[in-house]
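The values are calculated or read from the model by the stated rules, or taken from the named source; none is laboratory data. On a predicted model such as this, the values are computed, not experimentally measured, just so you know. Using ideal geometry, Cβ is built from the backbone for each residue, glycine included, and neighbour counts are taken over all protein chains shown. Keep in mind that these areas ignore ligands, DNA and RNA; they rest on the heavy atoms of the full protein, side chains included. Shrake-Rupley method; radii C 1.70, N 1.55, O 1.52, S 1.80 Å.
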Amino acid sequence: MSIQWYPGHMRKASNEMIEALPLVNVVIEVLDARIPFSSSNPFIQELSADKPHIKLLNKTDLGDPDITKQWQDYFEQQANTKTLPLDLKNHDPSKQIIDLINKLSPQKEGRNTLVMVTGIPNVGKSSLINCLAGKHITKTGDEPAVTKGQQKINLRNGIMLLDTPGILWPKIENPQGSYRLGTTGAIKDTAVSYEDLAFFAAEFLLEAYPQRLRERFNIEELPRTEIALLEIIGAQRGCLRAGGRVDLERVSTIFINELRAGLLGPLGFETPEIIKAEMQQVAVLKEGKAEREKSRLDKAAARRRKAKSNRK
Ligand SMILES: Nc1nc2c(ncn2[C@@H]2O[C@H](COP(=O)(O)OP(=O)(O)OP(=O)(O)O)[C@@H](O)[C@H]2O)c(=O)[nH]1
Ligand SMILES: [Mg+2]
């Protein structure tokens, strides 16, 4: 199963971005440091490939520092691209970012540099804008789709910022990517099942960060399966139904919220190494779908031919 969430305001926002882009000098894409691959929007990438890019890896307080460094090195190899790790919750990076903007787009006499701030929902675009502006201009919030329309902010230093709503893309083709987006909070609650996310996250943590699970939940010997892990946590947190069975929905919600709040420590869900394999998986899935679609159309055509010959 994969998760899809592309409400009307995102389609509208994408069209508005296309309209605004010709005048944009620099594109800032805010990424989630825990999932720099899955939080890169292929639509934004394609649209703005010819513009200088600043990729900001935000929420590094929640990200695994070694893995964030690997991503920085990876993105810096891309043409016309600069990268900065950020922790907007605890540090003000304004000076570094303004220096980078000026480096990538030397200001023309009497004209503002127009900088579009883009990214998927809930990564910290509006928080960044408030930080650069030095005051609370635009609403932020710990849920996706807080910003619903574009807004221009003049920094009065030769830079004009364009805040945009967080956008995803019509079809998230990488199933792993969609689970990572859901787990880190980029997809609205109503479009995800916390149980599915908890199973995904439990499997990932058992494999990649077993020690964190042992420490957080005081478990000496970890179970082998996700369900057994969630049952242990559920019993600890009193998520029990009548008869003593664990309430999976409740424990899943608690588990995901603790992960999102950083209570399981800083996490890196993906490294640059996985890109190739996951892109290949997506290609195989697409091929399978194309074949199934062709076979469906062939069968429908055969049924029509049969019905036609029966009528003669
Ligand atoms: N832990 C942590 N939280 C952050 C950081 N930066 C922003 N946040 C929080 O992330 C949440 C989303 O921030 P916003 O600035 O509203 O994100 P946005 O990208 O504008 O979101 P949309 O407008 O919904 O697309 C808020 O609760 C912020 O306080 C960070 O570096 N670390
Ligand atoms: Mg916003």
_the range 26-100: radius of gyration over Cα atoms, expressed as a fraction of 2.2 N^0.38 Å_ = 1.04
*asked:* Using only the Cα atoms of the chain, what are the Rg and Dmax in Å?
replied: 22.6, 79
_Helical mean residue ellipticity (222 nm; -39500 (n - 2.57) per DSSP H run of 4+; nearest 500) of the chain_ = -15000 deg cm²/dmol
*Lys/Arg Cβ at +1, Asp/Glu Cβ at -1, dipole of the chain taken about the Cα centre: which of N112, I35, L47 is farthest positive-ward?*
L47
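For the range 99-148, what is the accessible area per residue in Å² when the probe is 1.4 Å?
Accessible area per residue, the range 99-148: 50 Å².
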*Please list 121-129, 38-46 highest first by mean number of surrounding beta-carbon atoms within 10 Å per residue.*
121-129, 38-46
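Using r as the Cβ-Cβ distance of T140 and K312, and R0 as 51 Å, what FRET efficiency do you calculate, to the nearest 0.05?
Values: r = 68 Å, r/R0 = 1.34.
Once the sixth-power term is evaluated, E becomes 0.15.
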*Among H9, H136, what's the order by accessible area (1.4 angstrom probe), most exposed first?*
H136, H9
*Could you tell me the distance between the Cα centroids of the range 24-39 and the range 159-187, to the nearest Å?*
10
*Descending principal axes extents, the range 156-299, alpha-carbon based, whole Å*: 63, 50, 32
*Which distance in Å, rounded to a whole number, links the C-alpha centroids of the range 205-267 and the range 45-72?*
30
*Within the chain, what percent of beta bridges assigned by DSSP are antiparallel, to the nearest 5?*
20
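Quick one: ranking D196, D50, D189 by accessible area, 1.4 Å probe, largest first, what do you get? Could the numbers behind the result be given before it?
Working: D196 55, D50 120, D189 80 Å².
The ranking, largest first, comes out as D50, D189, D196.
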*Sparsely packed GluC sites (Glu not before Pro) within the range 148-226, loop by DSSP, other Cβ within 10 Å at most 15*: E220, E221
